[in-house]
């Protein structure tokens with residue numbers, strides 16, 4: 001199975017995907033490994049721990065995907081386009097598949113943002129990264145969808161929560177396009193429940209507003225805290241879909 005880069009004419013294969021902006025970002029930055037299935041209308045796209053299957057189902061394509069999945073270590077996150085794919089995979093890998101549901105929210109940057117200044121929340125800039133705060137490597141680890149750090153500083157958005165010279169939280173764009181980006185938030189367990197999630201999110205949204213970019217927020221349906229944070233920040237529920245953990 002030979003890998004290649006994603007092409008513009010592959011995008012229609014992922015019309016089903018809950019947030020196609022991510023696929024567009026992978027195309028733009030020439031990321032992800034694309035593998036053609038037996039039939040020419042099928043494709044496997046792998047990126048990090050995520051696997052996106054595109055195209056029409058056929059038994060041949062299904063068998064090739066199953067063979068591909070059996071060689072992978074767990075966990076992986078698998079997105080497939082329709083019930084035919086789902087039924088086939090469940091019949092072949094029922095002992096490995098865990099059904100999950102994912103929710104997608106959107107924030108319109110024209111909305112008012114209730115920003116509350118906090119000295120502990122700092123914009124992620126080249127100057128910020130040069131200070132080498134403890135745990136700043138956690139930020140770098142989350143920028144894997146960008147070509148490099150320069151790409152992130154030019155097109156992305158991010159703020160960090162810094163307490164006692166240690167990064168204990170951040171909200172940053174996991175991918176970015178010309179008019180939109182995806183939010184990614186993390187806060188150390190010790191600082192959760194103290195109101196920092198809302199402050200971080202609002203500081204992040206304010207900077208997205210300045211760049212005139214709509215923001216998407218995606219989280220598991222059973223992640224009550226993340227769903228609540230999205231709604232509290234003014235995100236509007238858009239759609240939901242299922243995927244598999246394998």
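Here are a few things to note about the model shown:
- The chain - percent relative contact order, Cα under 8 Å, separation 6 or more: 23
- The chain - Kirkwood radius from inverse mean 1/r over Cα pairs (Å): 19.2
- One quarter of the surface of the convex hull around the alpha-carbon atoms of the range 114-181 equals 4.9 nm², the direction-averaged projected area.
- One chain, two ends: residue 135 and residue 225. Fully extended at 0.36 nm per residue, the span grows by 30.1 nm beyond their Cα-Cα distance.
- In summary, the convex hull built on the alpha carbon positions of the range 100-146 has an orientation-averaged projected area of 6.1 nm².
- Percent of Cα-Cα distances greater than 17 Å, calculated over the range 3-96: 45
- Against the empirical curve 2.2 N^0.38 Å, the C-alpha radius of gyration of the range 106-240 lands at a ratio of 0.98.
- Pair residue 214, residue 82: separation of 7 Å Cα→Cβ label points (nm): 2.6
- Considering all different alpha carbon pairs of the range 61-171, the Kirkwood hydrodynamic radius works out to 18.1 Å.
Quick note: the coordinates plus some simple rules give every number you see, no bench work behind them. Computed from a predicted model, the values in this text were never measured in an experiment. Cβ atoms come from the backbone with ideal geometry, glycine included; neighbour counts cover every protein chain shown.
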